[in-house]
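Nothing in this text is a laboratory measurement; each read-out follows from the coordinates by a stated rule. Keep in mind it's a predicted model, so treat the numbers as computed, not measured. Note that each Cβ is placed from the backbone with ideal geometry, even for glycine, and that neighbours are counted across all protein chains shown.
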Amino acid sequence: MFTNAQEIEAFIRDFEARNMDKSRWTHNAHLLVGLWYLTCCSPDEALSIVRQRIRGFNEAVGTANTDNSGYHETLTRLFLHGIAAHIIANPNESLPSSLAILLRSPLAHKDWPLSFYSRERLFSVAARREWLEPDLRPDSNTCNAQALAIASGCEFARLQLSYIKSAIAEHGASHVQQTEMELRNGE
């Protein structure tokens, strides 16, 4: 599933038309949708579209968007921020290749948000209704740290990620990773 551009485009068409079985709306499908819209839209536009289309799809398949089920604002934003970090880290990949990498990343694990949130906060009514800031610190995983930086909305973090993207474009990912390791080791 999702091994080429045609399969990806067909899935997105079905999702947008609300013309697919609820069983196809998996965690991986959520990641694909996020990657698709972040690839072709600005982050703000992607969030707006994803929010609207998830709610619409839920309604079409009989899932109510309530305080206890359906659309979840904090989860949606956190995963979109993580996917945005993935795109920054993999700027030259085709969509199918980028998706394959994403589906092997920590974001492919449903419990990834628990790196940033306590269960109580993440599964609260408030988190379902609106964006809540993370209440836990990330582990040392760079992908998690980058995603949390984006998710927090911190201007300094945004500047750091902009610098990382520029450095990758100029020097390549391996140079940036080597520099990061040297900084961590105090070299």
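Values for this structure:
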| quantity | calculated |
| --- | --- |
| Binned Cα-Cα distance frequencies in the stretch 5-153 - 10 Å width, integer % | 11, 42, 37, 10, 0 |
| Residues S69 and A17, FRET efficiency given R0 of 22 Å [Cβ-Cβ distance, rounded to 0.05] | 0.45 |
| Approximate spin-label separation M1-H27, in nm, with each point projected 7 Å along Cα-to-Cβ | 1.3 |
| Point-to-point label distance, C40-R129, nm (Cα→Cβ direction, 7 Å offset) | 3.4 |
| Separation in nanometres of the label points that stand 7 Å from Cα toward Cβ, at D111 and A10 | 3.5 |
| The stretch 1-69: translational diffusion in µm²/s, Stokes-Einstein, Kirkwood Rh over Cα pairs, 4 °C, 1.567 mPa s | 104 |
